[in-house]
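Structure, as structure tokens:
The values are calculated or read from the model by the stated rules, or taken from the named source; none is laboratory data. Since the structure is predicted, the reported quantities are computational estimates derived from the model, not experimental observations. In this analysis, Cβ positions are derived from the backbone assuming ideal geometry, glycine residues included, and neighbour counts consider all displayed protein chains. Ligands, DNA and RNA are stripped out before the accessible areas are found, and what is left, the full protein with its side chains, is counted by its heavy atoms. Shrake-Rupley method; radii C 1.70, N 1.55, O 1.52, S 1.80 Å.
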Amino acid sequence: MIISLSFVNGFQQVISNKVFSFWGHIRVQQNMDDRVNIAEEYPISKNDSIETYMRSLPQVKSVERYATKSAIIKYHTEIESVLLKGIDSSFNFSRLQPFLQQGTWPVFKDSLYSKDIVISAYTARQLGAQVYDSTDVLFLREDGSKSARRLKICGIYKTSIDEYDKNFALCDIRLIRRLNNWNSNQIGGYEIFLHDYKKIDTVNTIIYSALPQGWYSKTIKDIYPNIFDWLALQDKIKYILVGIMIIVAVVNLITCLLIIVLERTRMTGILKAIGASDWDVQKIFLYNTTFIAIAGIIIGTALGIGICWLQEKTGFIKLDEEAYYMSAAHAQIIWWQVVLVDMCTLAICFATLIIPTLLVRKIKPVKAIQFR
């Protein structure tokens, strides 16, 4: 049970961290009811008072500006469509550092705009491109005109989440402003990062109520519901697995104690014959089996935590990265869960151990002493 809970916890933590690290917990932008969630945004003007208010909320860790632009990357004869995510020098790359496989993040200089671009490993593989290769990036404007920029691939990232790796690349937000003919004060929206993702719905409601007319806020769960529905399903699987293990354990406990009671039938008859009550005999079995149960819980806890620790250090349990969004299983031990599992296991053990000892009441001393 400890291993099952820890592996599901680790799985949910890794996937949710990947989702949050790339897009934040809450997104603020202009209303886009007629567009899909990952389409280009309508421009909004930076609002210092709104930024200050959002940063002042105790649940908010950081607020960052961004903008997106559809593009086609061409390298030799290969092409691949992406959605460029424009960021500025205030962007916190430390969140994405675990996903950077090769190269570096874009360098923002005082020039017109940075010509660095970071693409995913999937896009690089489709193009046959490597780090530091120069590539042509083509853009289509709403009026039907075309433009192109020569950009350098400065880095390659991989999150293993198809919704990101197949769609996004990172560039300088000033490039997107220039392509869209925006002024230096315009952005696509804000990404908000929280200290505790469990408060995402509460904070989203607070922020939405303070936004100017025409702006709206949306949680990342609303933008990528399929991923979070899948993660929620893991909770149900976790409880099903734990329930099955409890049932198996209870059956085994009852069976084992029945065997112990039957093997000690003659001893039970002798104890009753010399004046021991049924409860006195029951307590003998309960004391011994409880000692065995406590020893088993201690050994099982140590073994479960040890396997989880070994998995974190070595990653010996591998996963299909395309199916599970990670190459190796991760185990996150939550100590209150471990304590709860141990306490519930002990309580269930003691409760189920009482059932077989009821056979003691049916044993007759004369027949039991003759039992071979």
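Between the stretch 244-320 and the stretch 56-76, how far is it from one alpha carbon centroid to the other, in angstrom?
Using only Cα atoms, the two centres lie 55 Å from each other.
Report, in deg cm²/dmol and to the nearest 500, the calculated mean residue ellipticity at 222 nm for the chain, where each DSSP H run with n ≥ 4 adds -39500 (n - 2.57) and the sum is divided by the residue count.
Taking each H run of at least 4 residues, the total per residue is -16000 deg cm²/dmol.
Over the heavy atoms of Glu312, what accessible area does a 1.4 Å probe trace out, to the nearest 10 Å²?
Roughly 90 Å² of Glu312 is accessible to a 1.4 Å probe.
Keeping to pairs on different chains or 8 or more places apart, tell me how many lysine pairs in the stretch 268-372 have Cα atoms under 29 Å apart.
Close lysine pairs found across the stretch 268-372: 7.
I need the calculated FRET efficiency for the pair Lys318 and Ser49, taking r as the beta carbon distance and R₀ as 51 Å, to the nearest 0.05. List each step's numbers first, then the result.
On the way: r = 50 Å, r/R0 = 0.99.
That pair, Lys318 with Ser49, gives E of 0.50.
Amide H to amide H, which residues 5 or more places from Ala169 or on other chains are under 5 Å from it, using H placed in the peptide plane?
Residues meeting the criterion, in which the H sits 1.01 Å from N, are Leu83, Leu84, Lys85.
Largest first and in whole Å, give the semi-axes of the stretch 100-139's equivalent ellipsoid, each being the square root of 5 times a Cα gyration tensor eigenvalue.
Details: eigenvalues 79, 35, 12 Å².
Ellipsoid half-lengths, sorted descending, are 20, 13, 8 Å.
Roll a 1.4 Å probe over the protein chains and send me the accessible area per residue for the stretch 77-165 in Å².
Heavy-atom accessible area per residue stands at 49 Å².
I'm a student and want to see the number: the projected area of the Cα convex hull of the stretch 305-357, averaged over all directions, in nm². Don't skip to the end; give the middle numbers.
On the way: hull surface 21.9 nm².
About 5.5 nm², averaged over all directions.
Quick one: which residues, 5 or more positions from Tyr157 or on another chain, have an amide H under 5 Å from its amide H? H modelled 1.01 Å from N in the peptide plane, none for Pro or chain starts.
Distant-sequence amide H within range of Tyr157: Gln101, Ile119, Ser120, Ala121.
Taking θ = phi - 60°, what integer Hz values does the Karplus form 6.51 cos²θ - 1.76 cosθ + 1.60 yield along the stretch 146-157, in sequence order, with x for Gly and Pro?
Each residue of the stretch 146-157 in turn: 10, 8, 9, 9, 9, 10, 9, 6, 8, x, 10, 10 Hz.
Mind listing the phi-derived Karplus ³J(HN,Hα) values for the stretch 92-104, rounded to whole Hz, using 6.51, -1.76 and 1.60 with θ = phi - 60°, and x for any glycine or proline?
8, 6, 4, 5, 8, 4, x, 8, 6, 8, 9, x, 9
If every alpha-carbon in the stretch 116-205 counts as one equal scatterer, what log10 I(q)/I(0) does Debye give at q = 0.16, 0.24, 0.25 1/Å?
-0.86, -1.20, -1.23
Ratio to report: Rg/Rh of the chain, with Cα atoms as the point set and Rh obtained by the Kirkwood method; give two decimals. Don't skip to the end; give the middle numbers.
Working: Rg = 30.6 Å, Rh = 25.1 Å.
Expressed as Rg/Rh, it is 1.22.
Given labels modelled 7 Å from the Cα in the Cβ direction, how far is it in nm from Leu358 to Met245?
2.8 nm
From the Cα gyration tensor of the stretch 1-110, with a ≥ b ≥ c the square roots of its eigenvalues, which class applies: rounded if a/c is under 1.5, or else prolate if a/b is larger than b/c, or else oblate? Write down the numbers at each step before the final one.
On the way: a/c = 1.62, a/b = 1.14, b/c = 1.42.
Judged from the Cα gyration tensor, the stretch 1-110 comes out oblate (a/c at least 1.5, b/c at or above a/b).
Report the Stokes-Einstein translational diffusion coefficient (µm² s⁻¹, integer) for the stretch 278-372, Rh taken as the Kirkwood radius over Cα pairs, at 20 °C with viscosity 1.002 mPa s.
Translational D for this selection: 127 µm²/s.
Net charge near Pro98: determine it from the other residues with C-beta under 11 Å of the C-beta of Pro98, scoring Lys and Arg +1 and Asp and Glu -1.
+3
If you take the square roots of the eigenvalues of the alpha-carbon gyration tensor of the stretch 222-292 and sort them as a ≥ b ≥ c, do you get rounded (a/c under 1.5), prolate (a/b over b/c) or oblate?
Verdict is prolate for the stretch 222-292.
Rounded, prolate or oblate: which fits the stretch 186-273 when a ≥ b ≥ c are the square roots of the eigenvalues of the alpha-carbon gyration tensor, with rounded for a/c under 1.5 and prolate only if a/b beats b/c?
prolate
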